[in-house]
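Trainee: Provided herewith is a single structure, encoded as structure tokens, for subsequent inquiry.
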Amino acid sequence: MPELHEEGYVKYQSNVEKHRGYISTHRVDDTYSALYKAMENVFISIGKGEGNGKMSETIYKMDTVEKNLLQNFLYVRNNGLLFNKCNVDKNGKATISDPDTGRPIYIGDGIIPQVERFASKYVYTTLTVDAFQTAMSMMCQKAESATGNKFIFLCNEKMWHDVQRNLSAWLANFKTCGTYLWSKAANGYVNVGATFDSYEFAGNTISFKVDRTFSREYGDNKGFGLFLDLTADKTSGTPAIEMFTLKGGDFISNKLPGVGGLDGLSSGLVASTVAGSKLINWGYSGIAVFNPYRSFILREA
């Protein structure tokens, strides 16, 4: 068109995908007898002789039922949001149901299954800095900017130890200043070694975080690590990973008192004729990785 034309066009490109996810129910129950609850503060006492034959008492205390139940609920939910695999078919029907009631049990995908479908993958026999550089280069190709990116690297304990040995050898090969690796304390002793929690390459940084949950899932004899780009959406501010739940439904606690009440020594109304009570922690939660392509899995052969 000539200058000062009446019409002009600008070409826009966009790519939108929809991923179907589901919210799961996580529930943990615990029951205890009325006598147990009454004696919970002092679990066991052992007479022990000390000094001049004087008898003293050693008291061992245990965690409360409420504390144990909360820890178990958080553990179950954390593992579910990480490792759960969806059990819903293409028609939206759950493949698992309660055998007594026939009600469907819906399970949504966790972070790992969502990422595994689309992540770049690298298998190594001996971990080297080249593996980190390869991963960072491929991650940067999917990032909005070629530099200035900060990636998180979650790994099991085997991978964590491999990272420490590898970066220590890398520094030694480059003949870096010795103060990185040792220092002499005021008492004359020499402290040797260092802990490496990040690595920078080509204007981008990865931070290493060890998670024992990965060790339990993938074992301690094979290294496993997951690169994630947690950069929020620059337009909407949406985080890279987000948990979904029902309003007020992320954590719900219920109590079913039996004879003796919740503390085992109380009078009043009860919901059971059994001399014991039940505690229930449960909630709804699902998780979404909004851009699973911006990820990388590093695994030992």
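Trainee: Here are the criteria: (1) touching a residue at least 40 places away in the same chain (Cβ under 8 Å); (2) of a type in the set (Ser, Thr, Tyr); (3) farther than 20 Å from Arg294 by Cβ; (4) surrounded by 13 or more Cβ atoms within 10 Å (Cβ to Cβ). Tell me which single one Thr125 does not satisfy.
Mentor: All conditions pass for Thr125, except number (4).
Trainee: For the structure I just gave you, tell me whether Val270 is outside any strand (DSSP E or B) and in contact with a Pro (Cβ under 7 Å, 6 or more places away or on another chain). Walk me through it before giving the result.
Mentor: Working: outside any strand (DSSP E or B): yes; in contact with a Pro (Cβ under 7 Å, 6 or more places away or on another chain): yes.
Answer is yes for this residue.
Trainee: Could you tell me whether Asp211 is surrounded by 12 or more Cβ atoms within 10 Å (Cβ to Cβ), closer than 23 Å to Arg117 by Cα and free of Cβ contacts under 8 Å to residues at least 60 places away in the same chain?
Mentor: Numbers: surrounded by 12 or more Cβ atoms within 10 Å (Cβ to Cβ): yes; closer than 23 Å to Arg117 by Cα: yes; free of Cβ contacts under 8 Å to residues at least 60 places away in the same chain: yes.
Here the answer is yes, as Asp211 does meet what is asked.
Trainee: Checking Gly249 against (1) farther than 30 Å from Ile105 by Cα; (2) in contact (Cβ under 8 Å) with a residue 24 or more places away in the chain; (3) part of a loop (DSSP other than H, G, I, E, B), which test does it fail?
Mentor: For Gly249, the failing item is (1).
Trainee: Oh, and also: Could you tell me which residue of segment 130-146 is nearest to the chain's Cα centre (by Cα), considering only residues that are of a type in the set (A, V, I, L, M, F, W, C) and outside any helix (DSSP H, G or I)?
Mentor: Here is the first cut: in segment 130-146, the residues of a type in the set (A, V, I, L, M, F, W, C) are 131-132, 135-136, 138-140, 143, 146.
If we keep only those that are outside any helix (DSSP H, G or I) as well, we get 143, 146.
Working: Ala143: 23, Ala146: 28 Å.
By that ranking, first place goes to Ala143.
Trainee: Return yes when Phe132 is among the aromatic types (Phe, Trp, Tyr), buried (at least 19 other Cβ atoms within 10 Å of the Cβ), closer than 29 Å to Leu81 by Cα and touching a strand residue (DSSP E or B) at 6+ places or on another chain (Cβ under 9 Å) and no when it is not. Spell out how you get there, then give the answer.
Mentor: Details: among the aromatic types (Phe, Trp, Tyr): yes; buried (at least 19 other Cβ atoms within 10 Å of the Cβ): yes; closer than 29 Å to Leu81 by Cα: yes; touching a strand residue (DSSP E or B) at 6+ places or on another chain (Cβ under 9 Å): yes.
Here the answer is yes, as Phe132 does meet what is asked.
Trainee: With respect to Gly258, is the statement that it is within 22 Å of Cys86 (Cβ to Cβ), part of a loop (DSSP other than H, G, I, E, B) and in contact with a strand residue (DSSP E or B) (Cβ under 6 Å, 6 or more places away or on another chain) true? If you could, list the steps in order and put the result at the bottom.
Mentor: Working: within 22 Å of Cys86 (Cβ to Cβ): no; part of a loop (DSSP other than H, G, I, E, B): yes; in contact with a strand residue (DSSP E or B) (Cβ under 6 Å, 6 or more places away or on another chain): yes.
When the stated conditions are applied, Gly258 does not pass them.
Trainee: From the set of residues in segment 227-286 that are surrounded by 14 or more Cβ atoms within 10 Å (Cβ to Cβ) and of a type in the set (Asp, Glu), which is nearest to Met136 (Cα to Cα)?
Mentor: If we take residues in segment 227-286 being surrounded by 14 or more Cβ atoms within 10 Å (Cβ to Cβ) and of a type in the set (Asp, Glu), then Asp229 is nearest to Met136 (Cα to Cα).
Trainee: Taking the residues in segment 215-226 that are of a type in the set (Gly, Ala, Ser) and more than 23 Å from Gly148 (Cα to Cα) as candidates, determine which candidate is surrounded by the most Cβ atoms within 10 Å (Cβ to Cβ).
Mentor: In the first step, residues of segment 215-226 are kept if they are of a type in the set (Gly, Ala, Ser); the result is 215, 219, 223, 225.
Imposing the further condition that a residue be more than 23 Å from Gly148 (Cα to Cα) reduces the set to 215, 219, 223.
Numbers: Ser215: 18, Gly219: 13, Gly223: 23.
Checking each candidate, the answer is Gly223.
Trainee: Only residues that are more than 20 Å from Phe73 (Cα to Cα) and among the aromatic types (Phe, Trp, Tyr): list them for segment 283-301, please.
Mentor: Once the filter is applied, which keeps residues that are more than 20 Å from Phe73 (Cα to Cα) and among the aromatic types (Phe, Trp, Tyr), segment 283-301 yields Phe290, Tyr293, Phe296.
Trainee: If Asn84 satisfies all but one of (1) surrounded by 12 or more Cβ atoms within 10 Å (Cβ to Cβ); (2) modelled with pLDDT under 90, what's the number of the condition it fails?
Mentor: Status for Asn84: all satisfied but (2).
Trainee: Same structure again: Considering only segment 96-129, state which residues are assigned to a helix (DSSP H, G or I) and in contact with a strand residue (DSSP E or B) (Cβ under 9 Å, 6 or more places away or on another chain). Talk me through it step by step, then tell me what you get.
Mentor: Taking segment 96-129 as the starting set, the residues that turn out to be assigned to a helix (DSSP H, G or I) are 111-116, 129.
Scanning segment 96-129 gives Ile111, Ile112, Gln114, Val115, Glu116, Val129.
Trainee: Which pairs have Cβ atoms under 7 Å, sit 6 or more apart or on different chains, and link a residue in segment 147-168 that is of a type in the set (S, T, N, Q) to one that is surrounded by 23 or more Cβ atoms within 10 Å (Cβ to Cβ)?
Mentor: These pairs meet every condition: Asn156/Phe214; Asn156/Gly223.
Trainee: Of all residues in segment 96-116, which are surrounded by fewer than 12 Cβ atoms within 10 Å (Cβ to Cβ) and either hydroxyl-bearing (Ser, Thr, Tyr) or closer than 22 Å to Ala301 by Cα (or both)?
Mentor: So the first thing to find is which residues in segment 96-116 are surrounded by fewer than 12 Cβ atoms within 10 Å (Cβ to Cβ), and the list is 96, 98-103.
Selection gives Thr101 alone.
The values are calculated or read from the model by the stated rules, or taken from the named source; none is laboratory data. Keep in mind that what you see is a predicted model, and the values were worked out from it rather than measured. Counting neighbours? That spans all protein chains shown, and the Cβs are built from the backbone with ideal geometry, glycine included.
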